Amino acid sequence: MKSQAQGVLREDSGNPIVGRIGQSFVAVYNFVTDTLTIGELEARKLHHDFTELLTRAVQPALWLLIFGEVLARVKAIPTGQLSYMDFMTPGILAQSVLFIAIFYGIAVIWERDLGIVHKFLACPAPRSALILGKALSASERGLSQAVIVYLLALLVGVHVNWNLLAILGVVVVVILGSALFSTFSLIIACIVRTRERFMGVGQLLTMPLFFASNAIYPISIMPTWLQAVSRVNPLTYEVDALRPLMVAGGASVYGLTVDLIALLFGMVIFVLIAARLYPRVVM
C-alpha cells in the first residue's frame, strides 16, 4: 500500500495541486503506519506477561468490594438517584486507568538502559508517532482494566449500561484517558530520567489526581478551592464521561462533548510536549 501510494504520487507529480495532495496522503499514511507499528511492538510485551493483568485486578477489586461496600452502607455521600456503588464504579475504572498509565513512563527509562531508545531515535519515524504508539499500548492495558471492572461491577450488582453505543463510548474514553496520562508519564520520565525519581514523582501525583476528582464523591460537596482544582484535573473529565456511558441512569455534569474535547485537547498537548522531550532521555 505504501509503495502504491508513492507510485500514485510520482504519476501525478506534474500537477502541483494533485502532487501536494499526494504528498499529504503519503505523509499521513506513513505517520499512521509508524504509530501502529510502535503500538503493536509495545503491546506485544503485554501478551507475553498475562500475570500483569491479574495483579492489576487486585486494586479495583479492593476499592469496589471493600471501600465501596462500606461507604454504600454508611450512606454519607450524596449521589442523587444513583446508588453509591453505581456512582463509584466509573470512578474506579478511571482510577485503574490512571494508576496503570501514570507509571508507564518507567518503561522508557528501562529502554534507555537497554539501548532501545537509541534505536527508536535513529529510525525515520516522527517522534510524535513514537509517542502515540506507546500511548496506544497503554490504552490496551487500560481496556483490559475496563473488562475487569465490568466483571466486578456485575459481581456487586451495579446497574451497568449495556447499550452498544455506550460501551463503544467507554472504549473511546478509556483510550483517550490512557493515552493522556501515559504521555504525561513519558514527560515525567524525560525530565527526571532515573527510575528512583520517577517512582517518587509518580507516587506523589497519583493520589492527588484521584482525590481531587469526582471519582468517589461529587464535586458539589468539595470545598471551593478543591472544586477549582478538580476543574483542571483531566481525571475529572474522564470520570464525568464514563458515568453516563457506563452506568444506567448516570449523568454527566459538564456534558460528553466537553469531556471528550478536554481529554483530546490534553492528550494532543502532552503528545507534542513528550515528542519534543523524548530525545532528552538519552542525554
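Give the number of residues within segment 250-260 that are touching a Phe, Trp or Tyr at 6+ places or on another chain (Cβ under 9 Å) and surrounded by fewer than 20 Cβ atoms within 10 Å (Cβ to Cβ).
So the answer is 3.
For segment 65-100: of the residues being touching a residue at least 40 places away in the same chain (Cβ under 8 Å) and charged (D, E, K, R), which is surrounded by the most Cβ atoms within 10 Å (Cβ to Cβ)?
Checking each candidate, the answer is 86.
Looking at segment 252-272 only, could you name the residues that are in contact (Cβ under 8 Å) with a residue 40 or more places away in the chain and not β-branched (Val, Ile, Thr)?
Once the filter is applied, which keeps residues that are in contact (Cβ under 8 Å) with a residue 40 or more places away in the chain and not β-branched (Val, Ile, Thr), segment 252-272 yields 256, 259, 260, 263, 264, 266, 267, 270, 272.
Of all residues being without any contact (Cβ under 8 Å) to a residue 40 or more places away in the chain and β-branched (Val, Ile, Thr) in segment 171-198, which is surrounded by the fewest Cβ atoms within 10 Å (Cβ to Cβ)? Just the residue, please.
Top of the filtered list is 171.
Scan segment 110-136 for residues that are touching a residue at least 60 places away in the same chain (Cβ under 8 Å), assigned to a helix (DSSP H, G or I), aliphatic (A, V, I, L, M) and out of contact with any Phe, Trp or Tyr (no Cβ under 6 Å at 6 or more places or on another chain) and jot them down.
Hits for segment 110-136 are 117, 121, 131, 132, 135, 136.
Pick out the one residue from 143, 165, 176 that is of a type outside the set (Asp, Glu) and at pLDDT below 90.
It is 143.
Residue by residue through segment 149-165, note down the ones that are touching a helix residue (DSSP H, G or I) at 6+ places or on another chain (Cβ under 6 Å) and either within 14 Å of residue 96 (Cβ to Cβ) or not assigned by TED's automatic domain parsing to the domain that holds residue 277 (or both).
Listed by number, the residues that qualify are 149, 152, 153.
Test residue 252 against the criterion of being farther than 15 Å from residue 99 by Cβ, more than 17 Å from the chain's Cα centre (by Cα) and not in a loop (DSSP other than H, G, I, E, B), and give yes or no.
When the stated conditions are applied, residue 252 does not pass them.
Any idea which of 275, 215, 228 is assigned to a helix (DSSP H, G or I) and touching a residue at least 60 places away in the same chain (Cβ under 8 Å)?
Of 275, 215, 228, the one residue that is assigned to a helix (DSSP H, G or I) and touching a residue at least 60 places away in the same chain (Cβ under 8 Å) is 275.
Pull up segment 232-249, narrow it to residues that are surrounded by 13 or more Cβ atoms within 10 Å (Cβ to Cβ) and in a loop (DSSP other than H, G, I, E, B), then point me to the one that is nearest to the chain's Cα centre (by Cα).
Looking at residues that are surrounded by 13 or more Cβ atoms within 10 Å (Cβ to Cβ) and in a loop (DSSP other than H, G, I, E, B), I get 233.
The values are calculated or read from the model by the stated rules, or taken from the named source; none is laboratory data. The shown structure was predicted, so the numbers you read here are calculated from the model rather than taken from an experiment. A quick note on method: Cβ atoms are made from the backbone with ideal geometry, for glycine too, and the neighbour counts reach across all protein chains shown.
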